[in-house]
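Asker: Have a look at this one before I ask anything.
The values are calculated or read from the model by the stated rules, or taken from the named source; none is laboratory data. Values in this document were obtained by computation on a predicted structure and should not be read as measured data. Virtual Cβ from ideal backbone geometry, glycine too; neighbours counted across all protein chains shown. We work out accessible area using only protein heavy atoms, side chains counted, and drop any ligands, DNA or RNA first. Shrake-Rupley method; radii C 1.70, N 1.55, O 1.52, S 1.80 Å.
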Amino acid sequence: MPYAEATQNVLELYLNGSVYGAVLHQRKILPLHGSCFSFQDLGVMICGESGVGKSSLTASFCLNGADFLTDDVTPVVFKAGKPHIWAISDRIKLWSDSLQQLNQEEKELIRIVPEWGKFYFPMESENGELFTLDHLFILEIHDKPSVSHYNLEGVEKFAALRNEIYRWEYLKGMPESEASYLNQLITMSQTVRVTKVARPANIAIGQLRIELEKLIFDTGAQKKLLTEVSINC
């Protein structure tokens, strides 16, 4: 039963976060702590610690031509040996300062918690659709003045993907689910480009989006080349 002082929005936050993650684990559907969009025919996921900018960056892409897929918790399902993003979100959580940078008004939005400056921002949804996961970014903040990045490979790539499992501590009580994820993570390591991106704390959302666009275009070019080679063979 909810506490008497708990609001509907607080209950929804809990149910759509921690409880949602637990249900996905119970059903052996791999949940990753990331927000996703489809851009240039590529499925893109942005992961990282809370507060690193996953949602605001995803919103920026979607306000500039990308299609919104998920926010914060992303179920990944496997079809024909490839990981797919399961698009089942219709809103994104944004802080007031992010809304200002994105030139969006907050006065008509629902505040998540009364004392927080964080709001639900409605998004057009590809509800229920599956999108191939092509590129996963792991975002972090550093104290340098420019953005840096490098692609992960091998054991480092596998470990990084495992670290992005949402509420991985739940798996201590779900050994069967944890075992089922092993092969899925190996498949992801073999099929998904994973890039670690370090950004300055004060970089503008739009500027960071432009930096990631360059990397996504490169992934698109590589995917096109592999497709052409496969067809010719």
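Asker: Could you list, in sequence order, the residues of segment 39-51 that are more than 15 Å from VAL194 (Cα to Cα) and either free of Cβ contacts under 8 Å to residues at least 24 places away in the same chain or open to solvent by less than 10 Å² (accessible area, probe 1.4 Å) (or both)?
Answerer: Listed by number, the residues that qualify are SER50, GLY51.
Asker: Here's another thing I want to ask about it. Considering every residue within segment 29-49, establish whether at least one is within 23 Å of TYR14 (Cβ to Cβ) and assigned to a helix (DSSP H, G or I).
Answerer: No, that holds for no residue.
Asker: Right, here's the next one. Please state which one of LEU133, LEU139, LEU215 is outside any strand (DSSP E or B), at negative phi and either surrounded by 15 or more Cβ atoms within 10 Å (Cβ to Cβ) or out of contact with any Gly (no Cβ under 7 Å at 6 or more places or on another chain) (or both).
Answerer: Within the list LEU133, LEU139, LEU215, the selection yields LEU215.
Asker: Within segment 82-99, is there a residue that is in a loop (DSSP other than H, G, I, E, B) and open to solvent by 30 Å² or more (accessible area, probe 1.4 Å)?
Answerer: Looking for residues that are in a loop (DSSP other than H, G, I, E, B) and open to solvent by 30 Å² or more (accessible area, probe 1.4 Å), one finds at least one in segment 82-99, hence yes.
Asker: Between residues in segment 151-172 that are more than 16 Å from LYS28 (Cα to Cα) and residues that are part of a loop (DSSP other than H, G, I, E, B), which pairs lie under 6 Å by C-beta distance while being six or more apart or on different chains?
Answerer: Every condition considered, the pairs that remain are ALA160/LEU152.
Asker: Continuing with this model, one more query. Are any residues in segment 171-197 in a helix (DSSP H, G or I), of a type in the set (Ser, Thr, Tyr) and open to solvent by less than 40 Å² (accessible area, probe 1.4 Å), and if so, which ones?
Answerer: SER177, SER180, TYR181, THR187, SER189
Asker: If you don't mind, there's one more thing I want to ask. Quick one: would you say GLY21 is in a loop (DSSP other than H, G, I, E, B) and not basic (Lys, Arg)?
Answerer: It is false that GLY21 is in a loop (DSSP other than H, G, I, E, B) and not basic (Lys, Arg).
Asker: With respect to TYR14, is the statement that it is over 23 Å from ALA160 (Cβ atoms), at pLDDT below 95, part of a helix (DSSP H, G or I) and not basic (Lys, Arg) true?
Answerer: Yes; evaluated as a whole, the condition is true for this residue.
Asker: Going by what's in this entry, would PRO200 be described as touching a residue at least 24 places away in the same chain (Cβ under 8 Å) and either touching an Asp or Glu at 6+ places or on another chain (Cβ under 9 Å) or open to solvent by 40 Å² or more (accessible area, probe 1.4 Å) (or both)?
Answerer: Yes: the conditions hold for PRO200.
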